[in-house]
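Here the structure comes first, spelled out in structure tokens, and everything after it is commentary.
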Amino acid sequence: MTFRGFGKTRAPEFPTGLVWLNSDPLTMKSLKGRPVLIDFWTYSCVNCLRTLPYIKKMYKMYRKLGLTIIGVHSPEFDFEKQEENVRRAIGDLGVEHPVVLDPDFAIWNLYANRVWPHVFLVDALGTIVYDHQGEGGAAQTEMAIQEALQACGVTKLPAIAPDVVSGKGACYRATPETYLGYLRGHVGNAHDKLPDTEEAFDDDHADDVPYLHGHWRIAPEFIEHTRTLPVATEYLRMSYSAFETNLVMGALDDREAVVDVIIDGKPVPASMAGSDVVIDGAGNTHIHVTNHRMYNIIHADHYHRATLRLGVKTAGIKMYAFTFGGCKT
């Protein structure tokens with residue numbers, strides 16, 4: 001959704017004492033005279049990751065023409081509050097524009113924000129003139145940027161390409177985003193289990209609902225496998241509908257741990273394997289989990305219904321949330 005007509009709403013000043021990456025601390029006062037695009041994001045959010053290429057493109061195209069882009073990193077999960085994790089993420093993602101860490105949602109609240117991603121455009125006078133929530137709208141955002149630059153006297157501007165909307169092509173009903181911790185999530189066979197305690201789970205079955213087998217702990221934000229075994233006989237199982245499947249995961253102390261990936265009882269076909277799936281010499285499929293981030297498990301060119309089984313044998317593997325893509329990309 002996009003809003004215009006903020007009138008004389010002034011962009012709030014950035015609080016002092018926050019950590020800035022890729023830049024010395026910036027202030028709205030020091031940036032007066034330049035348009036500023038403020039992007040609220042977090043690095044494990046699939047919608048933010050789909051939008052990020054356009055933010056990076058705008059930065060490369062317009063920074064020399066007078067645009068400043070600031071990424072406000074407001075974390076969804078506790079591990080995204082850690083500076084070293086965000087530093088590693090922006091390095092891995094190739095983020096070059098300034099990023100300010102907003103672990104306590106100070107900037108988020110100043111803008112009365114509620115979603116990731118969300119961009120606000122501030123003109124050279126410090127007034128909010130445009131915002132856009134969610135994915136898509138890249139051409140519209142770029143048009144607003146050009147209008148703000150033109151108001152500063154910039155005349156030689158590049159042509160705006162047609163908008164590239166995430167999920168271009170056929171779209172179908174996908175399994176909803178599914179959180180696994182007890183604060184926002186629901187595990188199908190956890191109705192009689194205690195939170196924050198190791199419990200033994202027996203698998204069950206229903207569509208679009210995660211089920212556990214083996215020994216797990218359900219924490220506020222995640223589920224955690226609690227025992228180290230010789231082989232990966234314990235697992236999370238999820239029947240879903242989508243083109244694409246992602247899962248936010250992390251390993252204890254960011255040490256490498258292996259998660260076996262099985263779809264409908266077999267290894268993942270190469271044509272459906274996500275970017276984080278490794279196919280070994282025997283044709284088995286795994287994910288090597290280290291640092292806490294979003295892992296791409298399935299990336300298919302066809303809409304499908306399937307049962308995903310993630311086998312684990314290592315204690316300390318944490319799983320936070322599934323996201324599913326219902327559009328062919």
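Structure values in brief
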| quantity | calculated |
| --- | --- |
| Residues located in the range 86-114, provided they are among the β-branched types (V, I, T) and in contact with a helix residue (DSSP H, G or I) (Cβ under 8 Å, 6 or more places away or on another chain) | V86, V95, V99, V100 |
| Residue among P210, P195, P230, P220 that is surrounded by fewer than 15 Cβ atoms within 10 Å (Cβ to Cβ), touching a strand residue (DSSP E or B) at 6+ places or on another chain (Cβ under 8 Å) and touching a residue at least 12 places away in the same chain (Cβ under 8 Å) | P195 |
| Matching residues in the range 274-286 - criterion: being crowded, with 21+ Cβ neighbours inside 10 Å and within 17 Å of V248 (Cα to Cα) | V277 |
| Members of the range 265-284 found to be β-branched (V, I, T) and in a strand (DSSP E or B), listed by number | V277, V278, I279 |
| Any hit, the range 265-288, residues being touching a strand residue (DSSP E or B) at 6+ places or on another chain (Cβ under 8 Å), modelled with pLDDT of 95 or more and of a type in the set (K, R) | no |
| Hits in the range 103-117 - residues which are outside any loop (DSSP other than H, G, I, E, B) and touching a Ser or Thr at 6+ places or on another chain (Cβ under 6 Å) | W108 |
| Residues within the range 269-315 that are touching a Lys or Arg at 6+ places or on another chain (Cβ under 8 Å) and either within 21 Å of H225 (Cβ to Cβ) or not assigned by TED's automatic domain parsing to the domain that holds L252 (or both), tallied | 8 |
| Filter result (more than 17 Å from P103 (Cα to Cα) and part of a loop (DSSP other than H, G, I, E, B)) within the range 29-53 | K29, S30, L31, K32, G33, R34, P35 |
| Any hit, the range 161-180, residues being buried (at least 18 other Cβ atoms within 10 Å of the Cβ) and out of contact with any strand residue (DSSP E or B) (no Cβ under 9 Å at 6 or more places or on another chain) | no |
| Residue among Y235, Y240 that alone is in the same structural domain as M294 (by TED's automatic domain parsing), buried (at least 19 other Cβ atoms within 10 Å of the Cβ) and touching a Ser or Thr at 6+ places or on another chain (Cβ under 6 Å) | Y240 |
| Subset of the range 271-307 that is over 24 Å from K318 (Cβ atoms) and of a type in the set (G, A, S) - its residue that is nearest to the chain's Cα centre (by Cα) | A300 |
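The values are calculated or read from the model by the stated rules, or taken from the named source; none is laboratory data. The structure presented is a predicted model; accordingly, all values stated were derived computationally and were not measured. Every residue, glycine among them, receives a Cβ derived from its backbone with ideal geometry; neighbour counts consider all protein chains shown.
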